[in-house]
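For reference, the structure is listed below as structure tokens.
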């Protein structure tokens, strides 16, 4: 008899940070009693720690697959969804049926219109763990199950420059440039002197050959975004990410039509159905699926749809402890449309100790982890954190 899923469990891993994500607190930003801050630049909540939800699936034969999703805010919501709802529907299933199980779980909440948010984050973690299991049971790296490996290395761009001043942020970018990286992205909410000045400083420091993008964090109207992007364009802006509120599809299309810079979007999407209306309106030229939100199944569907419509794919990655990053790299190596991949150095570097395996990002490129499935697993330190 073929192996079946015997158990599905999920836990939260919390890791302290010396400096909050995106850098030190700005005037008017305070840490509340639950350890959250709201960034004034985009009115979005962030924790002062790194936090991730890690999922473990074990089969009747003792094989183990690992998945991961966001635990940035209210991680107990994801745990409850896994433990009370989704997990029991996975027990007894064939772990090789990852995409089928994904669609079955998606349909469970169809009549309630639950097509995003925490529900699909929890589903993403399950989906990643099932694909990891499939690779391990087959004795193959995940990329081989996704159509084959198109590239050995994936170009990486340095994301986030969490320093207090514009000059210090340029220094940090130059530090990574000296280490072999040629592509960068800065965060608009902490570009305290304005986006045009931030862009000009980075261009002057990094030179003409560097690619420099701006993450605008969904904070603007279409008119505001157009003005801000045009002000950055004399400094050769690579792409402008998330310039308007995510629900403003018409505004995104308007921005794309009225600026010279390529528009990037998709970090917050969960399924290919989020991409379809943007393609219909020609609202972006770069698609940014986030494995921690999509899981492998929807990541590949988004990538395939983008490729069919001649769009570039530059995956987003907040990383967590690195499990969904590993899945993202495998999927990216299988997709022809992938141009580059985000490198969140302020999370990857301090947290890489939490994984075993040879996944790395150096000299401007990611290298895929080798071995079956994801090619990485939680380290002994991570396992201790999961038990605590």
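The values are calculated or read from the model by the stated rules, or taken from the named source; none is laboratory data. Remember, predicted model here, so these are calculated numbers, not experimental data. Cβ sites come from the backbone with ideal geometry, for glycine too, and all protein chains shown count toward neighbours.
Odds and ends about this structure:
- Qualifying residue in the range 35-46 (condition: within 15 Å of residue 347 (Cα to Cα), outside the structural domain of residue 372 (by TED's automatic domain parsing) and touching a residue at least 24 places away in the same chain (Cβ under 8 Å)): yes
- Count of residues meeting criterion [under 15 Å from residue 20 (Cα atoms) and assigned to a strand (DSSP E or B)] in the range 53-81: 0
- Among all positions in the range 3-14, there is no residue which is surrounded by 17 or more Cβ atoms within 10 Å (Cβ to Cβ), closer than 24 Å to residue 162 by Cα, out of contact with any helix residue (DSSP H, G or I) (no Cβ under 8 Å at 6 or more places or on another chain) and assigned by TED's automatic domain parsing to the domain that holds residue 136.
- Residue match in the range 222-236 (condition: surrounded by 17 or more Cβ atoms within 10 Å (Cβ to Cβ), in contact (Cβ under 8 Å) with a residue 40 or more places away in the chain and within 25 Å of residue 116 (Cβ to Cβ)): no
- Test: residue in the range 110-120 that is under 19 Å from the mean Cα position of the chain (by Cα), crowded, with 23+ Cβ neighbours inside 10 Å, in contact (Cβ under 8 Å) with a residue 60 or more places away in the chain and within 25 Å of residue 352 (Cβ to Cβ): no
- The one condition from (1) without any contact (Cβ under 8 Å) to a residue 12 or more places away in the chain; (2) in the same structural domain as residue 163 (by TED's automatic domain parsing); (3) within 19 Å of residue 75 (Cβ to Cβ) that residue 317 does not meet is (1).
- Residue check, residue 375 buried (at least 21 other Cβ atoms within 10 Å of the Cβ), on the phi > 0 side of the Ramachandran plot, over 13 Å from the mean Cα position of the chain (by Cα) and in a loop (DSSP other than H, G, I, E, B): yes
- Yes/no for residue 296 being under 18 Å from residue 239 (Cα atoms), crowded, with 22+ Cβ neighbours inside 10 Å and modelled with pLDDT of 95 or more: no
- Subset of the range 182-219 [buried (at least 23 other Cβ atoms within 10 Å of the Cβ) and over 17 Å from residue 166 (Cα atoms)]: 183
- Of the helices (runs of 4 or more DSSP H) lying entirely inside the range 107-210, those containing at least 1 residues that are modelled with pLDDT of 95 or more, in contact with a helix residue (DSSP H, G or I) (Cβ under 7 Å, 6 or more places away or on another chain) and more than 30 Å from residue 19 (Cβ to Cβ) are 117-138, 142-145.
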